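What follows is one structure encoded as structure tokens, with my remarks underneath.
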Amino acid sequence: MIKFTKRSLLLAAAGSLALAGGSAHAQDAFKVGAINPYSGAVALYGDEVTRGYELAAEKINANGGLLGKPIKIIRGNATNAQEAIASIDQLSTRDNVDVFIGTYMSAVAAAGSEAALQYDKLYWDTNALAANLTERGLPNFVRSGPSAGTFAELSAKAVVDLVANGLGKKPGDLKVWITHEDSVYGTTIGDRQAELLKEAGVKVVGKTPYSAKSIDLTDVILRMRDGAPDVWLSTGYIPDSNLLLRTAQGQNFKPPVTIFNGTADTKETLEALGPAGLEGIFVVSYPRYDISEKFGPGKDEYLAAYKAKFGGEPIAPQSLNAYVGFQVMAEAIKAAGGTKPEAVVAAAKALNKPLGSYATGFGVKFDDKMQNGLAFPTVGQWQGGKVVTVYPNEAAVPGVKPIGLSSK
Amino acid sequence: MSAFINVVTVGLLLGGIYGLVSIGLNLIFGVIRIVNFAQGEFVMLGMYGAYLAYLLIGVDPYVSILVVVPSLFLFGVVVQRFILQPLQNEPMMQVFATFGLLLLLQNMVLAITRGMSYTVPTPLSQVHFDLGGVSLSLSRLIVLLSVCVVAIGLSWFLKHTLLGKSVRAVTQDRRSARLMGINVEWTYMLTFGTGAALAGLAGTLLAPIYTMSPQIGGNFIVAAFAVVVLGGLGSVWGAFAGGFIIGMIEAFAGYYVNPELKHVAWFLVFIIVLIVRPSGLFGVMGAEEVGLREQN
């Protein structure tokens, strides 16, 4: 038999009040479910993306919040597709979030957005790259950031424009060798690069896919060395990109220009290669926090807020991209006056902002599949142990020029 | 011709890596008859051990061997005593236990490092020799020399020391060995500890070559399984030779065929060897070999 004492009843009453108070408070907030990996091998960048969301939410809250409510970010851990579905289920039913936002992992974004559709909730994508995410035509899915295609396009454009001009050669005289890890991520980018370069008349003298789990990549370097390319374009993950660069160093393979896509721009690569080993290497990545304030208005404000809140410089450029993506989402929701996916999508489609409207330099103009056509990566270069933005020219801080390319 | 010599060199150096990672796995399999799924994670622990030693006391990874290898030996002894020994009569459960250990170790390191990749700096990793157009990296050369020393040392230990003889006796017939007064449990602990220590040695020697991640052990272990089956289950020299065979196949297939297909090439050879000679290329039935006879 259960005995009720005065004390236990009082405690129960206090608990109920606290719960009621808590839920009343939660109902007052505009709840955003942030789907990202917060555990496991990729947690570091999941945290970094969410830091961008938090900074954007704080900025919006300081100006009165969203739809009259302060924004509250609720984290949903998802390191793979299954966890994405579980997190969406949990945040929809337990926390009753208003909208979802995420992540840089395409598999998570794909599964998460489909699960969110079951609850008729918006899934706003800021950082995932896979081209097929928008091609599905999911009615609750919007991508404000760049896609894999834009990475391929910018790297090809950099070869034709920046490199050819810099080396004083015609595009038709340039020899390019492409390497990429052989999953869908690297293959999509590598294939598109080859296609675009061939269209521009550049000679693609070799294309070598490899497994990111390889213990040794000397064969890739030796084959490439035989082709004596002017430009080496590579797409991979951090450990295999580091191994490739170290093997190239060991084999004395140093083409005039090396461009890495999406990786080789973090502390992890600096630690592996050292500043001298990386000097002059180009990296195509999300717009970095060193772009010029004129190109990305609000970038300085972001950087100051990041340093103040997290006590240092951003770990990676992902957070700036997420920061801007969150702001665009908030504008679309505000314009829609609610969170119904069809209303937000329609409002987002009506947004029309020119390039240079946000801290990344992005504009906003969504296509029919809800891909922002005015989002793009930028090209950075390792100079003196740091990556600095060098291309497009207007993104670079005045005075910063690419090195290792003799100008015409 | 220069390309051919280069590819042979790459194959030899790669074979050294595979051999070093596989010898410990093969020793454990030969003596205790456990397929240790966590062996790759022991290699990973060796790598992180080298990094930790660098971080805490600033020592070079090659010096950290003095700390990491004995630590892994002790860890192996503890695993054998407290996880595997209680399951001694349930071999299937022992295999599952090593798989559980794999997940545990991998996720523990993930939780601690938050998935950040690390590299251990050493001035030696920057040293390369150029011998007539063939580039040799010192850190890989050290691995190659180490695997030779380990194979010779382990072979000598098993043949010429009392402890080694007890290991061989247990391998050949556990029950008879016990009747002869050999402490089988201690022999198992010694063997598992040595297997883990060898993985630790591999990890510290490989740490300057790779960017380490908690999952890196998995990259080595698939190849290591192929090496031990190809070379001969339970044979020290089998693992040694198997490493070089796999290394050569990979180097040649990667350069002359396609880097994407190099793993297909060695799996193909692996399957053919399994069909033609299931005991492996160097697995000869006999008491002087480790781990080839069925237990009674």
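The values are calculated or read from the model by the stated rules, or taken from the named source; none is laboratory data. From a predicted model like this one, the values you see are computed outputs, not experimental measurements. When we count neighbours, we look across all protein chains shown, and the Cβ atoms used for this are built from the backbone with ideal geometry, even at glycine. The area values use the complete protein model at the heavy-atom level, side chains included, leaving out ligands, DNA and RNA. Shrake-Rupley method; radii C 1.70, N 1.55, O 1.52, S 1.80 Å.
Quick notes on this structure:
- Identity of the residue in region A:356-408, of a type in the set (Gly, Ala, Ser) and more than 21 Å from the chain's Cα centre (by Cα), that ends up most open to solvent (accessible area, probe 1.4 Å): A:407
- Test: residue in region A:23-40 that is at pLDDT below 85 and either open to solvent by less than 30 Å² (accessible area, probe 1.4 Å) or assigned to a strand (DSSP E or B) (or both): yes
- In the set A:219, A:182, A:226, only one residue is open to solvent by 30 Å² or more (accessible area, probe 1.4 Å), at the interface with another protein chain (Cβ under 8 Å from one of its Cβ atoms) and without any contact (Cβ under 8 Å) to a residue 24 or more places away in the chain; that residue is A:226.
- Taken over region A:259-286, residues that are among the acidic types (Asp, Glu) and either touching a residue at least 40 places away in the same chain (Cβ under 8 Å) or touching a Cys at 6+ places or on another chain (Cβ under 9 Å) (or both) amount to 2.
- Single unsatisfied condition, residue A:316 versus (1) modelled with pLDDT under 95; (2) crowded, with 24+ Cβ neighbours inside 10 Å; (3) more than 30 Å from residue A:228 (Cα to Cα): (2)
- Residue count for region B:162-181 under the criterion of being open to solvent by less than 30 Å² (accessible area, probe 1.4 Å), modelled with pLDDT of 90 or more and out of contact with any Ser or Thr (no Cβ under 8 Å at 6 or more places or on another chain): the result is 1.
- Residues being surrounded by 24 or more Cβ atoms within 10 Å (Cβ to Cβ) and either at the interface with chain B (Cβ under 10 Å from one of its Cβ atoms) or of a type in the set (Phe, Trp, Tyr) (or both) - total across region A:246-262: 2
- In the set (1) open to solvent by 20 Å² or more (accessible area, probe 1.4 Å); (2) small (Gly, Ala, Ser); (3) modelled with pLDDT of 95 or more, residue A:212 fails one condition alone, (3).
- Among the residues of region B:212-238, just one is within 9 Å of chain A (Cβ to nearest Cβ), of a type outside the set (A, V, I, L, M, F, W, C) and open to solvent by less than 10 Å² (accessible area, probe 1.4 Å), namely B:214.
- Any hit, region B:182-189, residues being surrounded by 15 or more Cβ atoms within 10 Å (Cβ to Cβ), modelled with pLDDT under 90 and either in contact with a helix residue (DSSP H, G or I) (Cβ under 9 Å, 6 or more places away or on another chain) or of a type in the set (Val, Ile, Thr) (or both): no
- Restricting region A:230-255 to residues that are in contact with a Gly (Cβ under 7 Å, 6 or more places away or on another chain) and either in a loop (DSSP other than H, G, I, E, B) or of a type in the set (Val, Ile, Thr) (or both), the residue that is modelled with the lowest pLDDT: A:236
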